[in-house]
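The values are calculated or read from the model by the stated rules, or taken from the named source; none is laboratory data. Predicted model only: the values in this text are computed from it and were never measured. FYI the Cβ positions are ideal-geometry reconstructions off the backbone, even for glycines, and counts take in every protein chain you see.
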Amino acid sequence: MSRIGNRVLTIPAGVEVNVNGNKVTTKGPKGTLEFNFKDENVSVEVKGTEVHVTRKNDLKQSKQLHGTTNSVINNMMIGVSEGFKRELEINGVGYRFQVQGNKIIISAGYSHPVEVIIPEGIKVEMPDKSQNELVISGYDKQAVSEFAANIRKVRKPEPYKGKGIKFKEEHIRRKEGKKAA
């Protein structure tokens, strides 16, 4: 029994969901998203203001994709109505973010600044002109999370001094350094 797969999704106000075969399209005030689910044993139906995801049999692949399909459609509806955001924080002496046009310049302790191009559909801003924080937002959860993870990969936080780029809600477990004899 899949609790996530069996959950009935309520369509938010201002969002339109269309199902055409194996293709689900959501339209809302923030944009349009499409999703192609591959399994013929999973079906998606729109009944009034509700979306129902059902599976036709108990094959292992159908069970796996039942909950996944439900979650992806739920994230699409939330994304086109409210949007998603990830917050990053950089720690270290001389470490900072700069947003210039459609790219982010990251100074993270290397001999050169690292430039990352902002993809289409993603908005990047620095709250309160702080050079240590970055807010990434957009309507596609996967794109926002992937872009945030790629920025974090520039300099992952290290456990001894805590220097590096981390998610705002992330907690870095600190290690004790070597002791003098």
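Note on segment 1-14: among residues that are in a loop (DSSP other than H, G, I, E, B) and out of contact with any Lys or Arg (no Cβ under 7 Å at 6 or more places or on another chain), the one that is surrounded by the fewest Cβ atoms within 10 Å (Cβ to Cβ) is 1. Checking each residue in segment 61-116 for being among the aromatic types (Phe, Trp, Tyr) and over 23 Å from residue 16 (Cβ atoms) picks out 95, 97, 110. The set of residues in segment 126-181 being more than 14 Å from residue 86 (Cβ to Cβ) and in contact with a helix residue (DSSP H, G or I) (Cβ under 6 Å, 6 or more places away or on another chain) is empty.
How many of the residues in segment 18-30 are more than 22 Å from the chain's Cα centre (by Cα) and either in a strand (DSSP E or B) or surrounded by fewer than 12 Cβ atoms within 10 Å (Cβ to Cβ) (or both)? The qualifying residues number 4. Is it the case, given these coordinates, that residue 104 is loosely packed, with under 14 Cβ neighbours inside 10 Å and not hydroxyl-bearing (Ser, Thr, Tyr)? Considered against the rule, which asks whether it is loosely packed, with under 14 Cβ neighbours inside 10 Å and not hydroxyl-bearing (Ser, Thr, Tyr), residue 104 comes out as no.
Looking at 141, 123, just one residue is surrounded by 15 or more Cβ atoms within 10 Å (Cβ to Cβ) and not assigned by TED's automatic domain parsing to the domain that holds residue 7, and that residue is 141.
Every residue, every condition in (1) closer than 30 Å to residue 46 by Cβ; (2) in contact (Cβ under 8 Å) with a residue 40 or more places away in the chain; (3) assigned to a loop (DSSP other than H, G, I, E, B); (4) more than 13 Å from the chain's Cα centre (by Cα), yes or no:
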| site | (1), (2), (3), (4) |
| --- | --- |
| 85 | yes, yes, no, no |
| 104 | no, yes, no, yes |
| 144 | yes, yes, no, no |
| 173 | no, no, yes, yes |
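Can you pull out every residue in segment 111-124 that is free of Cβ contacts under 8 Å to residues at least 24 places away in the same chain and assigned to a loop (DSSP other than H, G, I, E, B)? Spell out the reasoning first.
At the first step, the residues of segment 111-124 found to be free of Cβ contacts under 8 Å to residues at least 24 places away in the same chain are 111-113, 115, 117, 120, 123.
Listed by number, the residues that qualify are 111, 112, 113, 120.
Residues in segment 156-171 that are surrounded by 14 or more Cβ atoms within 10 Å (Cβ to Cβ) and under 19 Å from the mean Cα position of the chain (by Cα): 165, 166, 167.
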